[in-house]
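A short write-up of the structure that comes next.
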Amino acid sequence: MHVRTHEMKPILRCTHFGFPYEWTDADKTAARVIKEMQELRPVPKFGNPSPWSQYVSKYPTRDFLGDLYYAKVIPPDADWARLASLQLRTVNHNVIVAQTLQALDNRLTDNLLRLSSAHVSHEGGIIYYTDRLDRCLVYDYSFGRANTAARVNAAAQILNPDLLYDVDSAMSDKEGPSRRALKNALVFGHKIVAHRNTIVHVDRRRDESVAGPYIDTLVLNEILHRYIYERTREDAKNQFLSAVEIGSGCGLLIAACGQYLPSAIHLAAVDPSMAAVACTHKNFFANNRPHAKRRFIAICSKFEDTDLKKVDLAICNPPYIPERPGTRKRTVPTANFGTELLEQTIRTAPNFLSDNGLLFLIFSDLAWKEFEAAVPDGIECELIGPQSGFRVQFDQTDVLEDESWIQFLVDRGLDFDRATNVYHHHLKCVVAHKSRQHGFRNDQILERINLLNGGFRKQVGG
């Protein structure tokens, strides 16, 4: 029977955050392997090797749940948390779904065991974001005796979350065990977040001043995976020998960089907060073995202490909410307010970027004016993803309680949604590099970025 190609198309072309379902060669390959698996007769029993299980095992950073939706293996309104909690080994369930969710289950337990020595609570909740940030799954977890084993149980899913911790969306219509798991993950004590096989832990009491992770952290992590980390090993060889995260917060981005950038032998993370330095250190080594690949790692409060002169990859997710005119400058840096780090990072990029170097920045469109004014001569910038950026909820309480500040930001483009009674803004992701006239010579990676950008915008329509 002839299968028409449009039958593989989903109802929606992109996720709530704007990531396409078909964007890269990897997306197309996943859809092809799913189709081949569906056409197998007889279908392999759960637990036996199959083309799909073998494919999934090759890519530990992806969970493939978005691919199941795209290929119509599961419907768009499927409750993935419920699917994950069922006894999937029975023949009554789809083998592709079972093998995918079992792989995710195994990876989450492995992730938890990495944190077993990081003073996490014996039991609690995990916020897990799927790749493409398709949606959020909330898991219960518990450690076994002496923290030598871990158990996870899918408790709830959050559809179309606007925030990393979307409490309102999560708690609605939830009862019993699901509500308890959500409270553990969203409200109490230990904050554990996993995305793309990187897991981080922030103790809300001991790490009170540590920034993140936020939804912009995960958007940037998703982009780095798609544009940088998912390249073939041969393609990445000698491309990025050094990497730094400026303003590391909890350390999720530099931890992922250490895991999935095999060519980088010198890694560094910088944050002016010593609490953030300690938290980054903890989370980096929870995801990267100290002796792995004989790398040099510096985690400190000052850039000059990293001993890095020119870097091939720089990552920065700075504070980006502009202060209204006439506001006194803050003496203590905050995780959200002010554009000083954003401006300083792009302004000094010629000093720390190598001739191969790329700087990935993510910030609000509300700060676009400050960013543009700070871009120095000799630096060129490419906008990653949709031209409009990634639409997210604006949830800064300090701003929302100040009418003059809100009006200042509304004039900058802050959007009020009357239907939901909330404000939204757009996250802009930019990759900056030296101009060719000033020494840039990494045309290969720039061509790849432009190619992916073209595919991205073609899928989402702009």
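With the structure loaded, tell me whether ARG180 is over 18 Å from ALA286 (Cα atoms) and either in a strand (DSSP E or B) or modelled with pLDDT of 90 or more (or both) or whether it fails that test. Steps first, please.
Numbers: over 18 Å from ALA286 (Cα atoms): yes; either in a strand (DSSP E or B) or modelled with pLDDT of 90 or more (or both): no.
Criteria not met by ARG180.
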Report task. Could you check PHE360 against (1) within 21 Å of the chain's Cα centre (by Cα); (2) farther than 24 Å from GLY249 by Cα and say which number it fails? Result -> (2)
Report summary line: Considering region 401-419, residues that are among the hydrophobic types (A, V, I, L, M, F, W, C) and surrounded by 15 or more Cβ atoms within 10 Å (Cβ to Cβ), and then whichever is nearest to the chain's Cα centre (by Cα), we arrive at LEU414
**Report entry** The lone exception for ALA170 - which of (1) modelled with pLDDT of 65 or more; (2) closer than 28 Å to VAL219 by Cα it fails
**Finding:** (1)
**Report entry** Which numbered condition HIS425 misses (of (1) buried (at least 17 other Cβ atoms within 10 Å of the Cβ); (2) free of Cβ contacts under 8 Å to residues at least 40 places away in the same chain)
**Finding:** (2)
Query raised in the report: Is at least one residue of region 421-431 assigned by TED's automatic domain parsing to the domain that holds ASN221, in a loop (DSSP other than H, G, I, E, B) and within 24 Å of LEU253 (Cα to Cα)?
Result: no
**Report entry** region 370-403, residues that are modelled with pLDDT of 95 or more and in a helix (DSSP H, G or I)
**Finding:** GLU370, PHE371, GLU372, ALA373, ALA374
Query raised in the report: Looking at region 113-166, which of the residues that are small (Gly, Ala, Ser) and more than 22 Å from the chain's Cα centre (by Cα) is surrounded by the fewest Cβ atoms within 10 Å (Cβ to Cβ)?
Result: ALA146
Query raised in the report: Can you spot a residue in region 434-454 that is part of a strand (DSSP E or B), farther than 25 Å from GLU245 by Cβ and without any contact (Cβ under 8 Å) to a residue 24 or more places away in the chain?
Result: no
Report summary line: Just one listed residue, out of GLY378, GLY389, is in contact (Cβ under 8 Å) with a residue 24 or more places away in the chain, touching a strand residue (DSSP E or B) at 6+ places or on another chain (Cβ under 7 Å) and farther than 30 Å from LYS309 by Cβ, and it is GLY389
Report summary line: When region 368-390 is checked residue by residue, the ones that are of a type outside the set (A, V, I, L, M) and farther than 24 Å from ASP443 by Cβ are TRP368, LYS369, GLU370, PHE371, GLU372, PRO386, SER388, GLY389, PHE390
**Report entry** Enumeration of residues in region 420-459 that are closer than 28 Å to TYR70 by Cβ and more than 19 Å from the chain's Cα centre (by Cα)
**Finding:** THR420, HIS424, ILE445, GLU447, ARG448, ASN450, LEU451, GLY454, GLY455, ARG457, LYS458, GLN459
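Return the residues of region 404-420 that are of a type in the set (Gly, Ala, Ser) and either farther than 21 Å from ILE321 by Cβ or assigned by TED's automatic domain parsing to the domain that holds PHE19 (or both); say none if nothing qualifies. Step through it out loud before you land on a result.
Going residue by residue through region 404-420, those that are of a type in the set (Gly, Ala, Ser) are 404, 413, 419.
Selection gives ALA419 alone.
The values are calculated or read from the model by the stated rules, or taken from the named source; none is laboratory data. Everything numeric here is computed off the predicted structure, so don't read it as measured data. All Cβ positions, even for glycine, are placed from backbone atoms using ideal geometry, and neighbour counts span all protein chains on display.
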